[in-house]
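Reviewing the structure listed below.
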Amino acid sequence: MEPFQSHRGVIATLDRANVDTDQIIPKQFLKSIERTGFGENLFFDWRYGEDGKPNPDFELNQDHFNGASILITRNNFGCGSSREHAVWAVRQYGFKAIIAPWQERDGTHVPAFADIFRNNAVKNGVLTIELTESEVEEIFEMVARFKRLEATIDLEEQRVTLHLDEEISFHFDIDPVVKDHLQRGLDDIALTLEYERDITDFETRHDIQMPGGAPA
Amino acid sequence: MAAQTLFEKIWNRHLVKTMADGTALLYIDRHLVHEVTSPQAFEGLRLTGRTVRRPDLSFATMDHNVPTTEDRLTIRDPISKAQVEALRQNCKEFGITLYDLGSDEQGIVHMIGPELGITVPGLTMVCGDSHTSTHGAFGTLAFGIGTSEVEHVLATQTLRQSRPKTFKVEFTGRLKPGSTSKDMVLKLIGLIGTAGGTGYVIEYCGEAVRGLSMEARMTICNMSIEGGARAGMIAPDENTFEYIASGNRPFAPTGEALERAIAYWKTLPTDPEASFDRTLTIEADTIAPQITWGTSPGMVVDVTGHVPEPDQVPGYSRKDVEQALSYMGLTPGTPMTDIRPDTVFLGSCTNSRMEDLRRAAAIFKGRKKADSVRLIVVPGSQRVRRQAEAEGLDRIFKEAGGEWRYAGCSMCLGMNPDQLKPQERCASTSNRNFEGRQGKGGRTHLVSPEMAAAAAVEGHFVDIRNWS
Ligand code: SF4
């Protein structure tokens, strides 16, 4: 996996909440046994009309979003199915980072991204950034006002900077494990296999029928 | 030792190591595999020259893609066929048990785990499928993973995980007749929202949960993911032990081993003093049959309710609701019971077990579906199909004018030929009402099996509590 340090690119908006992975990459594309070829079908049902031509009403089809590599959207992005194809599609379309707001509901913190999607994103070098609702709102407004607005995402500094005449920047929090993982572009399996001895030891004392119980 | 929750007991006993960075390396006891989310994982193993560490702990079947009609063994779609073929090859090459299309035990992956005794209490279980949460009904920690993680489990039999938070959902009192465990979980999602459980593992408890059969418990745990939770769990009890001891479950312990296992499983329930990060109490006796009106499982109301006004839905913006209503072709203020489905789908890993089919059949017995309705009944597994036929349920569905299918996911996600047409409206016993989920442009209303069956008879939704 390619390490993620800092990235500068055009921001595109997708003004919807609860975007599910069925929407990100519809079922008919899950039949593939390959890991590539998903980018052209990202948001397929929204993106293309009945005639197979790009739907001019879909936000991402606007010319000024061409080549965008940062997506900003609303809460609970990537909910639903566990399909990693959704992250492959996002990445292969060209997005390196997605920004969405966390929310507060009944006094609890509602994360910006669905759990499995967020995990899958890390494995594919896609950075998911959580900001507050008002910060996200501000970026939406700026993108609407300034066509082809660019941002720089500095992972080390945990900062998103909008390149306006007077730069605005936002700090984001990130799980240090995820940060390190993205920065080094680590291969999880290789890392875990370094603990092979521990796994083997564990297996000798672990009863598969009664895990945690006394071995037979 | 400090008081622990069910989740904590299982988590702690599967900890191979806590990494320097605080991540847990968690041992995985059972891994379920299906054709859609596994090919790239096996390919990854081949590319890196790795192998499957414990082929004896992975179990595969074909469900998402497969046709459910009489001629299902000949898959006409060449791409679907290639995927099914890939799973066959991979299982052969790596020595994994496969319940192939055409096998007596083939079925939806979350059906066959419990049926075959692969799912028992106290385990860690994963599958490249979000509804793996279903297995939590047995008091097991079960959750969905992506394809990279599938590869990780195949290669190492472990996963790197950060520890989720715990969320106790207590259902007090008893369900009233006409309401089901499907309504309990839809009600919960309506309350907390589809992201309300993100980052948590839910434990369902309380009198109403204890009163549920294993099959009904699976329905609740199944939809935990629809509330954003990684997993849902229910403490094992006599119902659980009886389920495991009954029927033909080749992978479950028997005899003396079962007795020892039960003694161990009895130690799993949450200690009385244990605490959760979050708790919520719902009075089960106030839960009415639920129907979704929108394109997110949290867009749900009581059957006595109406299609809402755009600014009157907690947790959803006006824009979300307007988008959903326009997609669904619904007008605010319409009574839910005025809505007329064109298709009724009885199936999916949420509601296609014996009890679901029996309850639906009781409604169809001696009745016909409305002429305006297409009725499809898809048992979740071949085992359920055979049992239903032995009880004559297939005849009831057919005499009511329905189609009786072979096992698979079918119209739950429409990856096979079973799909809704644009704007077609469906009463579905499945778990997701997302845009296009059951077919591009299709409109889904999630309900319990009895609500779906009664809607098929009447041609519109009815309040099952006062319908006869
Ligand atoms: S029945 Fe539906 S939800 Fe269940 S595993 Fe199949 S596609 Fe997924």
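Below are the figures for this structure:
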read-out	value
Accessible area of the range A:56-120 belonging to carbon and sulfur atoms, whole % at 1.4 Å probe	41
Net charge of neighbours whose Cβ lies under 9 Å from the Cβ of B:Ala288, counting Lys and Arg as +1 and Asp and Glu as -1	0
Rh by Kirkwood over Cα pairs, then Stokes-Einstein D for the protein assembly as shown at 1.567 mPa s and 4 °C, µm²/s	51
Stokes-Einstein D (µm²/s) once Rh is taken as the Kirkwood radius of the range B:123-197 over alpha-carbon pairs, at 25 °C in 0.890 mPa s	167
The range A:19-67 versus the range A:86-144: alpha-carbon centroid distance in Å	18
Distance histogram in 10 Å bins (all Cα pairs of the range B:325-468, percent per bin)	13, 46, 33, 7, 0
Percent of alpha-carbon pairs separated by more than 25 Å within the range A:1-107	21
Alpha carbon centroid spacing (whole Å) that separates the range B:323-356 from the range B:363-432	14
Chain B, accessible surface, carbon-and-sulfur percent (1.4 angstrom probe)	49
Reach of B:Lys369 by Cα under 21 Å, taken over lysines that are not fewer than 8 positions away in the same chain	B:Lys398, B:Lys421
Cα principal axis extents for chain B, largest first, Å	57, 54, 46
Share antiparallel - DSSP beta bridges, the protein assembly as shown, percent rounded to 5	35
Fraction of antiparallel bridges per DSSP, the range A:67-134 only, in percent to nearest 5	25
Nearest-10 value in Å² for the accessible area of B:Arg53, using the 1.4 Å probe	50
P(r) histogram, all alpha-carbon pairs of the range A:6-206 included - 5 Å bins from 0, percent	1, 7, 14, 19, 19, 16, 10, 7, 4, 2, 1, 1, 0
B:Leu346 - accessible surface, heavy atoms, 1.4 Å probe, Å² rounded to 10	0
Sum of -39500 (n - 2.57) over DSSP H runs of 4+, divided by residues of chain B (222 nm, nearest 500)	-9000 deg cm²/dmol
Shielding by partners - mean other protein chain Cβ count within 10 Å, residues of B:428-438	4
Rounded Å value of the spacing that divides the Cα centres of the range B:1-47 and the range B:230-287	20
When the convex hull of its Cα atoms is projected in every direction, mean area for the range A:135-189 (nm²)	4.8
Over the range A:6-206, relative contact order from alpha-carbon pairs under 8 Å, at least 6 apart, %	22
Fraction of antiparallel bridges per DSSP, chain B only, in percent to nearest 5	25
B/A buried area, accessible surface, summed, 1.4 Å probe, Å²	6000
Per residue accessible area in Å² of the range A:6-206, where ligands, DNA and RNA are left out and the probe is 1.4 Å	42
Per-residue HN-Hα couplings for the range A:187-204 [Karplus 6.51, -1.76, 1.60; θ = phi - 60°; Hz; x = Gly/Pro]	9, 3, 5, 4, 4, 5, 5, 5, 9, 3, 4, 5, 5, 4, 4, 4, 4, 6
Amide H partners (placed H, <5 Å) of B:Val33, local residues excluded	B:Phe59, B:Ala60, B:Thr61
Peptide A:184-196, shielding by other chains (average Cβ, 10 Å cutoff)	5
Per residue value of the accessible surface for chain B (all protein chains in place, 1.4 Å probe), Å²	32
Radius 15 Å from Cβ of B:Arg395, net charge of other residues (Lys, Arg +1; Asp, Glu -1)	+4
Table column - 3J(HN,Hα) (Hz), the range B:295-305, Karplus curve with 6.51, -1.76, 1.60, x for Gly and Pro	10, 9, x, x, 8, 9, 9, 5, 4, 7, x
Other protein chain Cβ atoms within 10 Å, averaged over every residue that makes up A:106-117	6
Placed amide H near A:Phe146: partners under 5 Å, 5+ positions off or other chain	none
Ordering of A:122-134, B:215-227, B:291-303 by packing [mean C-beta count within 10 Å, highest first]	B:215-227, B:291-303, A:122-134
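The values are calculated or read from the model by the stated rules, or taken from the named source; none is laboratory data. Worth saying up front: this structure is predicted, and the values here are computed from it rather than measured. Every residue, glycine as well, gets a Cβ built from its backbone with ideal geometry; the counts of neighbours run over all protein chains shown. When the accessible area is computed, the model is the full protein with side chains, heavy atoms only, and any ligands, DNA or RNA have been set aside. Shrake-Rupley method; radii C 1.70, N 1.55, O 1.52, S 1.80 Å.
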